[in-house]
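Visitor: Here's a structure for you.
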Amino acid sequence: MKLKLLFSCLISAGITLPLFAQETVDPAIVQKIREEGLNHSKVMETAFYLTDVSGPRLAGSPGLKRAQNWAVNQLKTWGLANAKLEAWGKFGKGWEVQKDYAAITVPYYHAIIAIPKAWTPGTGGLIKGDVVVVKADSAAELDQYKGKLQGKVVIFDTKPLVERSFKVDAARYTDEELAEMANATMQPATGRRQPDANSPQFAAMRKLRAFQTTLRAFIHDEKAALILSQARGTDGTVFTTNGASYADTAKAVAPELETSSEDYQRILRLAKAGQKVELEADIKTQFLTDDLQGYDVVAEIPGTDKKLKEQVIMIGGHLDSWHAATGATDNAAGSAVMMEAMRILKAINFKPKRTIRIALWSSEEQGLFGSRGYVLNHFGDPKTMQLKPEQAKLSAYYNLDNGTGKIRGIYLQGDSAAGPIFKAWLEPFKDLGATTVTIRNTGGTDHQSFDAVGIPGFQFIQDAIDYGSRTHHSNQDTYDRLVEDDLKQAATIVASFVYNTSERAEMIPRKALPKVQPAN
């Protein structure tokens, strides 16, 4: 009713907008989608199973497999077709934490916040050792520690993190920020800029990386019991990383704990002051090598139009996470929203003209591997631009991977012809805060895999909330950080975009085909 009234007011006022002339939005269908998505949502239930029930979902881990199997079964339950796990290629070793305990015992007892670095081994049982400060900037400086590290807990002389900030953790886009995005102009294509291998900065980075490899190999060979490294983060937040390669041929390393900055600096201050510091730890991790393949979750609602059912719309987000928490905002949120969008369309008994396919990717955190493998297998190779027949049949790919925040609009990824279309589709959701269409690109998410072979691939604009400041890859990324109303809003808008993409007469317009990517 509101949308009809808006159209009537525009016509009465003599206002004509090309976007309305080009795109027809069915108010009745929009209302059905809104009713189901906002008032009968299952998105938080889905998020619960992907996080609390499945656990951490590091690539190749049992937690990821639990989540993948649950998602396949749930999509089947909702009536989707061809729900399955699809292998995309070799990944490497799986890994999980099975026990994580560490505490100072001298000069007093204090349990510390510390997370094993991914793909590092355990301690082989309870260990106790004195803390030794290692300070070295070159292989030659390591000689002073030969024969002195066996059974010890190694800590590095690392500077404290930045001073305390009084900025709030969570934020939403302001009207001014959204206006700036909407008013952005197309930037000339400059191609992918390659780093200057002869620059001083590149040389320094290469030297530092080489020394870090040498340093950890030295500590391993000296049979140190454990390494403590200072994690990024404050107030007990630990942003996690990997401490070794997931490759099945990777060399052995010492056990390593990424430690909260507060605990790390306390231990370091005591040790540097000459105080005896003893630490005990019991770390158990497991490597899984029985299946080195990577898998994506795939399911679809088949198209019904005789001419258009071979064409496809895809939506997706990555299901894998890091291991310090349960990966709620990164990216169970996006996966749950995309699953909910499919549920909404099934719940309103939508019979799409084009086939609608969902994909939940794996190994995104290691380099978009799941989506890149899928694109290579189905659509083409960006390195050669040798394309497969399926590439011409995919209308668009929509991605969600920027936390729990509500959708505020969409990045066009330089596809200016899609701008008027998406503006029309967002019009019914102005009251939900989604209005912005920007020509800008955004990176670091799986839509890039599709964009790389000439398929229209889009990431939605989302409010940041506390994604960058607190939850992204951290031990704070739990179900409690999800904003229910935001996820409901996002799923409703995604479902509407999918509906409109399926029903419009033409596929989403495409940019010029990318040039062949240079070899790395």
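Visitor: Calculate how steeply helix 333-347 sits against the longest principal axis of the alpha-carbon atoms of the chain, using the helix alpha-carbon long axis, and give the answer as 0 to 90 degrees to the nearest 10.
Guide: 30
Visitor: Per the Kirkwood treatment, what hydrodynamic radius in Å, one decimal, follows for region 90-184 from the mean inverse distance over all distinct Cα pairs?
Guide: 18.8
Visitor: Taking the simple approach of a point 7 Å from Cα along Cα-to-Cβ for both K207 and K346, what is their distance in nm?
Guide: 5.8
Visitor: For a quick check of your reading of the filter: which trypsin sites (Lys or Arg not before Pro) in region 280-336 sit in a DSSP loop and have no more than 16 other Cβ atoms within 10 Å?
Guide: Listed in order of number, the matching sites are K306, K307, K309.
Visitor: In whole angstrom, note down how far apart the Cα centers of region 292-317 and region 60-75 are.
Guide: After rounding, the separation between the Cα centres reads 18 Å.
Visitor: Next question. By counting other Cβ atoms within 10 Å of each Cβ, how are M342, M385 ranked from fewest to most?
Guide: The fewest-first ordering by Cβ neighbours comes to M385, M342.
Visitor: Hey, what angle do you get for helix 27-39 against the long axis of the chain, alpha-carbon based, 0 to 90 degrees rounded to 10?
Guide: Helix 27-39 sits roughly 30 degrees off the main axis of the chain.
Visitor: Additional query: Region 441-520 to region 212-278: how many Å between their Cα centroids?
Guide: Using only Cα atoms, the two centres lie 35 Å from each other.
Visitor: Name the trypsin sites (Lys or Arg not before Pro) in region 240-273 that are in a loop by DSSP and that have at most 16 other C-beta atoms within 10 Å, would you?
Guide: Passing both the DSSP loop test and the Cβ count: K251.
Visitor: What do you get for the angle between helix 62-77 and the principal long axis of the chain? Use alpha-carbon atoms, 0 to 90 degrees, nearest ten.
Guide: The answer is roughly 20 degrees.
Visitor: Hey, with R₀ at 51 Å, roughly what FRET efficiency would D431 and N73 work out to, going by the Cβ-Cβ distance, to 0.05?
Guide: Working from the Cβ atoms, E equals 0.90.
Visitor: At 0.36 nm per residue, and after removing the present C-alpha to C-alpha distance, how many nm does the segment from T241 to T384 gain when stretched out fully? Display every interim value, and only then the final one.
Guide: Details: separation 143, 0.36 × 143 = 51.48 nm, distance 3.22 nm.
Additional length available on full extension: 48.3 nm.
Visitor: Could you line up T174, T471, T24, T237 from fewest to most neighbouring Cβ atoms inside 10 Å?
Guide: The fewest-first ordering by Cβ neighbours comes to T174, T24, T237, T471.
Visitor: Could you tell me which chymotrypsin sites (Phe, Trp or Tyr not before Pro) in region 21-119 are loop residues by DSSP with no more than 11 other beta carbons within 10 angstrom of their beta carbon?
Guide: Here the sparse-neighbourhood loop sites are Y108, Y109.
Visitor: Between L360, L308, A392, whose Cα lies farthest towards the positive end of the dipole of region 262-398 when Lys and Arg beta carbons carry +1 and Asp and Glu beta carbons carry -1, centred on the Cα centre?
Guide: Of the candidates, L308 comes out farthest on the positive side.
Visitor: Something else about it: Measure off 7 Å from each Cα along the Cα-to-Cβ vector at R232 and K135, then give the distance between these two points in nanometres to one decimal.
Guide: With each label point 7 Å from Cα toward Cβ, the separation is 2.6 nm.
Visitor: What is the calculated FRET efficiency for E176 to Q150, with r their C-beta to C-beta distance and R₀ = 45 Å, to the nearest 0.05?
Guide: The value I calculate is 0.15.
Visitor: Further question: R0 = 45 Å: FRET efficiency of T185 with A217, Cβ-based, nearest 0.05?
Guide: 0.35
Visitor: For labels at D305 and D480 in the simple 7 Å Cα→Cβ model, what's the distance in nm?
Guide: Using points 7 Å along Cα→Cβ, the separation is 4.8 nm.
Visitor: Sorted from largest down, what three extents in whole angstroms do the Cα atoms of region 24-69 have along their principal axes?
Guide: 45, 22, 13
Visitor: What is the list of residues in region 457-473 whose amide nitrogen lies under 19 Å from a point 7 angstrom out from the Cα of Q265, following Cα to Cβ?
Guide: Label zone hits: 469-470.
Visitor: Separate question: Fewest Cβ neighbours within 10 Å first, please rank M507, M44, M338 accordingly.
Guide: Values: M507 18, M44 14, M338 30.
Fewest to most other Cβ atoms nearby, the residues stand as M44, M507, M338.
Every read-out reported here was derived from the displayed coordinates using simple, explicitly stated rules and does not represent laboratory data. Everything numeric here is computed off the predicted structure, so don't read it as measured data. Glycine gets a Cβ as well: all are built from the backbone with ideal geometry, and neighbour counts include every protein chain shown.
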